[in-house]
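Below is one structure; the comments refer to it alone.
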Amino acid sequence: AGTVPAATASTERKEVAVTRVLGGSRQTRSQFHFDEVLTSFSTQGEVFSATLDPLVDEVLAGYEATAFAYGQTGTGKTYTMEGDLDSDESRGLVPRTAAAIINRLATGGYADYAVSCQYLEIYNEELSDLLVPAERAQKLDLKDVGGGRGVVCVGLSEVPVKSCSDIFDLVRRAQERRRVAETRINARSSRSHCIFTLKVRCRRALASGELENSGKLHLVDLAGSECAKKATWEDGAAHAGGKQAEEDRERKNINQSLLTLGRVISALRDGSVRVPYRDSKLTRLLQDALGGRCKTVVIATISPALNSVDETISTLTYAEQAMGVKNRPVASSFLRTIRLAASGEMRGGGATFADAAGFTGGDWAELEMRVAYLTQEVEEAQAALAMKYREAQEQLDRAAQAESNLREAEATLAAVRQEVEEKAFVAGRLASFADGRCAAVSKLSAALDASAMHGAELRQRLEMSMATAAAGRRQALGVLEEGET
């Protein structure tokens with residue numbers, strides 16, 4: 001029964017339908033609708049175009065974006081996120097998105113830019129850095145640093161990259177270290193959650209200064225939810241003892257963190273006062289992605305098999321609930337118009353000036369406080385100017401697009417008008433030609449009528465002549481007969 005398909009998908013209607021057998025011949029059919037629906041015929045390029053391609057420009061504009069793959073084990077989450085790095089067609093979202101960002105930075109007219117990567121693994125609620133060798137790994141911890149930065153992983157390495165090949169090498173390094181295991185459902189089942197982070201800083205020169213944007217992109221490959229009865233090997237001897245206990249612990253932690261993720265989504269959708277972000281490290285890290293300041297994409301992967309129908313419905317329900325979560329995206333942008341010296345430079349270079357002016361320590365401390373306040377005000381003003389500039393730029397882009405659409409509409413209207421005029425000219429010429437033909441036909445008809453009348457007259461005269469001739473012949477014959485007698 002496991003090979004019987006229970007789920008169907010339509011890319012045109014953007015709908016997924018799941019049929020569940022209740023017993024005997026009874027069935028129930030559930031329908032789910034999403035922003036985009038992709039099927040087994042969809043390519044990796046189409047997945048990228050439908051999910052992360054629209055977010056690339058947002059990241060370069062200073063926004064923080066998150067995409068995570070969620071679903072049952074063995075449904076293709078890791079393939080969707082990573083794919084085959086050695087194949088252009090089979091590359092996943094991580095290499096495709098990184099390549100898109102690198103290429104747009106190189107061709108976007110930026111004065112300067114820098115890109116760096118992080119790769120974090122959550123295994124049994126323990127944090128690991130996948131870009132650092134195991135022997136050099138240090139203990140990682142989550143901390144809310146405040147200042148609008150949210151929750152960060154303290155101690156996680158950050159590797160600068162300059163090309164797509166650098167990023168591909170980091171992904172390969174992480175793939176070698178990530179924990180995977182074989183289960184009855186999946187030959188290479190991920191036993192941990194992985195978060196790939198791409199940080200982008202770029203500067204663009206403007207007439208009034210420089211616009212500096214700092215964007216982040218988090219790509220999350222979640223471990224798949226598992227049913228112990230379906231995933232556990234029937235041959236207990238092959239997985240007895242410590243290995244079986246380890247697999248049970250992994251399964252428990254994976255399902256618990258995914259269950260917490262589901263509770264967070266439900267709480268956000270229902271508008272609950274308390275959202276259980278702190279119940280797992282995964283949800284703490286995804287706090288900005290769920291109801292926070294990120295632009296978020298949820299990619300739900302499912303199996304069409306009948307024996308996975310419960311997991312399929314659960315995944316689709318979570319994904320549909322996530323559509324009701326409203327985030328509040330905030331861009332990290334600064335418009336720099338002036339350059340102020342740092343307070344340390346002022347202190348170092350102003351000691352002689354302070355002494356010469358007779359400043360005391362208290363006066364200098366007060367001056368530093370004023371400078372710090374004014375510096376903060378300048379940064380806030382720069383952020384406000386950047387926001388205004390971005391809004392103005394968006395309005396200019398919309399105006400330019402409207403002008404372009406207007407020009408296209410005018411060109412289309414002119415072409416249509418010309419086509420109508422040409423058709424009217426042709427129709428007029430055809431009408432004139434038809435009128436001429438009608439006149440000629442009328443004349444010909446009149447001529448034919450006249451000819452017919454003339455022919456009738458001639459026929460009448462001929463008949464009269466023939467009658468006269470016949471009468472004369474009869475008279476002549478009568479005269480001859482009289483003469484003979």
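The values are calculated or read from the model by the stated rules, or taken from the named source; none is laboratory data. In this text, all values refer to a predicted model and were calculated from it rather than measured experimentally. Methodologically, a virtual Cβ is constructed for each residue, glycine included, from the backbone with ideal geometry; neighbour enumeration extends over all protein chains shown. For the accessible areas, the whole protein counts, side chains as well, though only heavy atoms, and no ligand, DNA or RNA atoms are used. Shrake-Rupley method; radii C 1.70, N 1.55, O 1.52, S 1.80 Å.
Say we look at the stretch 98-111 and pick out the residues that are farther than 19 Å from V159 by Cα and either touching a helix residue (DSSP H, G or I) at 6+ places or on another chain (Cβ under 9 Å) or open to solvent by less than 20 Å² (accessible area, probe 1.4 Å) (or both); which of these is modelled with the highest pLDDT?
This residue is R104.
Output the residues belonging to the stretch 1-52 that are part of a helix (DSSP H, G or I) and open to solvent by 50 Å² or more (accessible area, probe 1.4 Å).
The answer is E46, S49.
Considering each of L448, L458, L444 in turn, give the residue that is free of Cβ contacts under 8 Å to residues at least 24 places away in the same chain and open to solvent by less than 90 Å² (accessible area, probe 1.4 Å).
Testing whether each residue is free of Cβ contacts under 8 Å to residues at least 24 places away in the same chain and open to solvent by less than 90 Å² (accessible area, probe 1.4 Å) leaves just L458.
Test R407 against the criterion of being of a type in the set (D, E, K, R) and modelled with pLDDT of 90 or more, and give yes or no.
yes
If a residue must be β-branched (V, I, T) and in contact with a helix residue (DSSP H, G or I) (Cβ under 7 Å, 6 or more places away or on another chain), how many such residues does the stretch 22-50 contain?
1
Identify the single condition in (1) modelled with pLDDT under 80; (2) of a type in the set (A, V, I, L, M); (3) touching a Pro at 6+ places or on another chain (Cβ under 8 Å) that I167 does not satisfy, given that it satisfies every other one.
(1)
Mind listing whichever residues of the stretch 101-111 are touching a Leu at 6+ places or on another chain (Cβ under 8 Å) and assigned to a helix (DSSP H, G or I)?
Those that are touching a Leu at 6+ places or on another chain (Cβ under 8 Å) and assigned to a helix (DSSP H, G or I): I101, R104, L105.
Is it the case that the stretch 141-155 has a residue that's on the phi < 0 side of the Ramachandran plot and touching a Ser or Thr at 6+ places or on another chain (Cβ under 7 Å)? Don't jump to the end; show me each part of the working.
Applying the first criterion (on the phi < 0 side of the Ramachandran plot) to the stretch 141-155 yields 141-145, 149, 151-154.
Now drop any that are not touching a Ser or Thr at 6+ places or on another chain (Cβ under 7 Å), which leaves none.
Scanning the stretch 141-155 turns up no residue that is on the phi < 0 side of the Ramachandran plot and touching a Ser or Thr at 6+ places or on another chain (Cβ under 7 Å).
Residues in the stretch 254-295 that are out of contact with any strand residue (DSSP E or B) (no Cβ under 8 Å at 6 or more places or on another chain), charged (D, E, K, R) and not in a loop (DSSP other than H, G, I, E, B): how many?
Count: 5.
On the basis of being touching a Phe, Trp or Tyr at 6+ places or on another chain (Cβ under 6 Å), modelled with pLDDT under 90, surrounded by fewer than 23 Cβ atoms within 10 Å (Cβ to Cβ) and over 19 Å from C153 (Cα atoms), does G271 make the cut? Full working, then the answer.
Values: touching a Phe, Trp or Tyr at 6+ places or on another chain (Cβ under 6 Å): no; modelled with pLDDT under 90: yes; surrounded by fewer than 23 Cβ atoms within 10 Å (Cβ to Cβ): yes; over 19 Å from C153 (Cα atoms): yes.
So G271 fails the test.
For every residue, the table says whether it meets (1) open to solvent by less than 30 Å² (accessible area, probe 1.4 Å); (2) in a loop (DSSP other than H, G, I, E, B); (3) modelled with pLDDT of 85 or more; (4) among the β-branched types (V, I, T).
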| residue | (1), (2), (3), (4) |
| --- | --- |
| R96 | no, no, yes, no |
| Y113 | no, no, yes, no |
| L127 | yes, no, yes, no |
| Q138 | no, yes, no, no |
| G148 | no, yes, no, no |
| P160 | no, no, yes, no |
| T183 | yes, yes, no, yes |
